[in-house]
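These notes concern the structure reproduced below.
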Amino acid sequence: MNAPWKPTATGNRDAFNAFICDEAALDVLRPVVIEMGWQPEKCHKGGLRNAVQSLSITASPNILMVDLSESGDPLGDINALAEVCEPGTVVIAVGQVNDVRLYRDLLASGIHDYLLKPLSPAQVRDALVNAQAVFSAPKNHDATMAKRHISTAVIGTRGGVGASTLATSLAWLFSADEKMPTALLDLDVHFGTGALALDLEPGRGLTDAIENPARIDGLFIERAMIRANDHLAILSAEAPMSSPLMTDGAAFVQLEEEFRQAFEMTVIDLPRNMLINFPHLLADVNVALIVAEMTLASARDTIRILAWLKGHAPHVQPVVVANKVQSGVTEISKADFEASIERKIAFSIPYDVKAATNAAKLGQTFADANRTSKAGATIREIAKTVTGIGDSELDDQPEAKGKKSLLGKLDLKSMLSKKPKGAKLPAAAQA
């Protein structure tokens, strides 16, 4: 019953259910349940046998509290409960027998905790918080997952180039197509569109983290992040314009640390002003996708961001992505753009206003809403390349074994570092 939590196992379950024998205990439990953000209607009258009967025809909750007070054979009844409980359910037992041997036997049978009546609010609250912590604890039992974590920063050279569209699409593809536990961190605190692109309310998780960095831990991540699907969790915000960003960036670093423990992929929608103010954000980033348009200003800023990455984050693999590309309708040609930045454009995403409109109407990410479009296909290729870069870094480690990464097959590093010949931008544009 206390098997490690997996998103696929709990995505459609109730967060909490309780089966309690007496009204006095229910009167103590319900206010705490409301405080935890759960529905008090999930606190049912009845003991363990009622729980067995109910769970035999319905899905198990994430956390289950059962009353053993009316059970003549607690251990036998717990075994019956185990037969109808799905893996991953955390069970808290309640009873009135103060017997240390029974307590140990219950824990050995898979029960998470045993609470002695009469219940107190503090006792119940502590038990439920500890039960929630099971879900956000690092999965140390899986050595492969512990080693694998890819962090990708998506940086737009200018406002409106489509960096947020690309970030949300990649996060969705990693989670929905590759089934990788993925975190999307939208660091445009006042005007972020990460949650909006998925038709979700952003919540207060990110602003709470900025205001109280000391609160950030696995349990905070589990409560504060908004789930988009079984494998994707989002931390975004729409902070009031009257509230300036007052932080030293410690909260962001702590968030990234918790993401490494809880997820396999992290996608950071990183506005360029945040890159300037908090350079330590890239300390553990593997890939930086630099999203640009084929304009003079965007070329200039691509040069500057690439130079900054080389000097401040040389461990990061930069990948230049040209977005909204229209054949024959560009301010600067691809050849001149590549010559000016002294690097190949790795991917060119065609301009498709109909596809963007379709995604907005459906409340879906661009890649999810437009799987058959050329732009959607290009974004899927970008996702595969990012995964390949992460795999290649694992392959470089002595303990890492397996198939050759996509990066090795494409020789992307050579492609990206190749210096093309051609005309330079005017000196004013390179300033």
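The values are calculated or read from the model by the stated rules, or taken from the named source; none is laboratory data. All values reported here derive from a predicted model rather than from experimental measurement. No Cβ is skipped: glycine too gets one built from the backbone with ideal geometry, and neighbour counts run over all protein chains shown.
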Would you check if there is a residue in segment 61-69 being in a loop (DSSP other than H, G, I, E, B), under 30 Å from G218 (Cβ atoms) and over 32 Å from the mean Cα position of the chain (by Cα)? yes
Subset of segment 85-120, residues of a type outside the set (S, T, Y), in a helix (DSSP H, G or I) and over 18 Å from I20 (Cα atoms), comes to V100, R101, L102, R104, D105, L107, A108
Name the residues in segment 5-48 that are in a loop (DSSP other than H, G, I, E, B), of a type in the set (D, E) and at pLDDT 90 or above, would you? D22
Name every residue in segment 310-340 that is of a type in the set (A, V, I, L, M) and either within 24 Å of K384 (Cα to Cα) or under 25 Å from the mean Cα position of the chain (by Cα) (or both), in order of residue number. A313, V316, V319, V320, V321, A322, V325
Every listed condition ((1) among the β-branched types (V, I, T); (2) modelled with pLDDT of 90 or more; (3) not assigned by TED's automatic domain parsing to the domain that holds A292) holds for V129 save (2)
Which one of these is modelled with pLDDT of 85 or more and within 26 Å of the chain's Cα centre (by Cα): S120, S136, S151? S151
Can you find, within segment 252-300, the residue that is surrounded by the fewest Cβ atoms within 10 Å (Cβ to Cβ) among those that are part of a loop (DSSP other than H, G, I, E, B), in contact with a strand residue (DSSP E or B) (Cβ under 8 Å, 6 or more places away or on another chain) and of a type outside the set (F, W, Y)? D284
So, of the residues in segment 252-285 that are β-branched (V, I, T) and out of contact with any helix residue (DSSP H, G or I) (no Cβ under 8 Å at 6 or more places or on another chain), which turns out to be nearest to A153 (Cα to Cα)? V285
Look at segment 86-112 and say how many of its residues are within 31 Å of the chain's Cα centre (by Cα) and modelled with pLDDT under 80. 4
So for segment 281-298 (the condition being of a type outside the set (A, V, I, L, M) and under 27 Å from the mean Cα position of the chain (by Cα)), does at least one residue qualify? yes
Are there any pairs with C-beta distances below 8 angstrom linking a residue in segment 307-329 that is in the same structural domain as K384 (by TED's automatic domain parsing) and part of a helix (DSSP H, G or I) to a residue that is modelled with pLDDT of 95 or more and among the β-branched types (V, I, T), with the two at least 6 apart or on different chains, and if so which? none
Just to verify a result, which residue in segment 200-222, among those that are surrounded by fewer than 15 Cβ atoms within 10 Å (Cβ to Cβ) and not acidic (D, E), is farthest from F252 (Cα to Cα)? R204
